[in-house]
Amino acid sequence: MQYHMPARLYFGPGEAPDLVIGLGGGSPLDAGKALALLATNPKNIQDYEGKEKYAVDPLPFVAIPTTCGTGSEVTWVSVITDVDRKFKMSIKGPKLYPAVSIVDPDLIATLPKPMIASTGMDALTHAVEAYLSKPATLITDTHAVKAVGLILGSIEKASVDIKGHARQREELMYGSMVAGLAFGNADVTAVHCISESIGALYDIPHGVANAMFLPHVLEYNLPACTPKMAVLARTIGISAASDEQAARTFIRKIKDLSRVLEIPLFRSLDIDPDQFALIADMSYKNNSNASNPRDLGPADYQNILKAAYGD
Ligand SMILES: [Fe+2]
């Protein structure tokens with residue numbers, strides 16, 4: 001979802017709000033954070049891009065997620081698409097953490113299957129990327145491993161019948177939030193660098209783009225983080241003679257999961273391969289590129305895009 005954020009907010013006498021409540025998926029929650037900031041700061045939203053650029057504390061923000069993917073309810077970042085620049089801005093700072101978050105799994109009880117699938121795969125990507133990211137710590141690792149187990153243990157049944165599977169519904173929602181704690185305190189990596197670039201250029205759901213590229217980025221990153229990838233594999237019960245075999249089985253499982261969840265293939269999006277150089281360049285310039293476990297240049301991103309296109 002894309003937003004033309006208001007340049008600034010004006011309130012008449014007695015009209016100023018006391019707080020902002022965001023209800024919805026990642027885009028509405030992030031828009032809510034941005035509005036809480038604009039309510040107390042006078043400039044355009046673009047002027048607050050980056051870390052702690054606001055002069056005045058934003059209004060208190062209440063986050064109520066209704067999807068199982070964003071993690072925005074526990075992060076300090078608001079991602080807003082600047083449609084003129086075709087760019088996803090990150091506006092962040094400690095005062096942008098929600099004052100209160102209400103995380104109720106029953107709010108996703110009527111979410112359609114494609115939304116369970118795509119937002120659940122976004123949450124899985126958050127957890128896996130946080131775990132493999134360069135800034136990962138023991139604390140973020142704990143959250144990431146927990147989230148991977150919760151999400152992979154619940155997403156298939158939840159996507160088939162979310163209403164009839166109360167336990168899986170709860171685990172998926174919980175997993176999404178815990179994944180938010182992981183990546184919010186570590187970082188995401190190359191998957192999000194690509195999905196944010198594609199999402200800024202084309203109207204493609206964020207979670208769908210992540211699911212398309214997650215296995216291909218993992219494959220490319222494998223030489224740089226085989227032992228950690230093997231830990232994730234063993235977390236979900238994969239046993240193999242070597243770390244590399246375990247990691248490769250984990251990657252295969254994620255690829256198969258996307259098929260089961262009916263995530264479309266990258267090729268089906270009708271993106272001209274002529275655009276790969278532009279997407280690769282944007283991905284390379286994404287702030288999270290530095291957090292990827294393997295150093296990637298624009299040519300590496302082109303290789304990943306080509307591999308995903310050939311699927
Ligand atoms: Fe995401």
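The values are calculated or read from the model by the stated rules, or taken from the named source; none is laboratory data. Bear in mind the structure is a predicted one, so any value in this text is a computation, not a measurement. With ideal geometry, Cβ positions are generated from the backbone for all residues, glycine too; neighbour counts draw on all protein chains shown.
Which condition number does Tyr48 fail, the rest of (1) at pLDDT 95 or above; (2) on the phi > 0 side of the Ramachandran plot being met?
All conditions pass for Tyr48, except number (2).
Matching residues to (1) within 17 Å of the chain's Cα centre (by Cα); (2) assigned by TED's automatic domain parsing to the domain that holds Ala186; (3) among the aliphatic types (A, V, I, L, M):
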{"position": "Lys88", "(1), (2), (3)": "yes, no, no"}
{"position": "Lys92", "(1), (2), (3)": "yes, no, no"}
{"position": "Pro114", "(1), (2), (3)": "yes, yes, no"}
{"position": "Thr119", "(1), (2), (3)": "yes, yes, no"}
{"position": "Asp122", "(1), (2), (3)": "yes, yes, no"}
{"position": "Pro135", "(1), (2), (3)": "yes, yes, no"}
{"position": "Ile139", "(1), (2), (3)": "no, yes, yes"}
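Are any residues in the range 90-128 surrounded by fewer than 16 Cβ atoms within 10 Å (Cβ to Cβ), of a type in the set (A, V, I, L, M) and outside any loop (DSSP other than H, G, I, E, B), and if so, which ones?
Across the range 90-128, the qualifying residue is only Val100.
Going by the conditions given, is Gly93 away from the ligand (no atom under 16 Å from the Cβ) and small (Gly, Ala, Ser)?
Here the answer is yes, as Gly93 does meet what is asked.
Would you point out the residue of the range 156-196, among those that are within 13 Å of the ligand (Cβ to nearest atom) and hydroxyl-bearing (Ser, Thr, Tyr), that is farthest from Arg259 (Cα to Cα)?
Thr189
Identify the single condition in (1) small (Gly, Ala, Ser); (2) farther than 18 Å from Val128 by Cβ; (3) over 20 Å from the mean Cα position of the chain (by Cα) that Ala200 does not satisfy, given that it satisfies every other one.
Tallying (1) small (Gly, Ala, Ser); (2) farther than 18 Å from Val128 by Cβ; (3) over 20 Å from the mean Cα position of the chain (by Cα), Ala200 fails exactly one: (3).
So Trp76 fits all but one of (1) surrounded by 23 or more Cβ atoms within 10 Å (Cβ to Cβ); (2) modelled with pLDDT of 95 or more; what number is the exception?
With (1) surrounded by 23 or more Cβ atoms within 10 Å (Cβ to Cβ); (2) modelled with pLDDT of 95 or more applied to Trp76, the lone miss is (1).
Quickly run through the range 54-89 and pick out the residues that are assigned to a strand (DSSP E or B) and closer than 23 Å to His192 by Cβ.
Phe61, Ala63, Pro65, Val77, Ser78, Val79, Ile80, Thr81, Asp82, Phe87, Lys88, Met89
Quick one: which of Ile279, Ile263 is within 24 Å of Ile155 (Cβ to Cβ) and among the β-branched types (Val, Ile, Thr)?
Ile263
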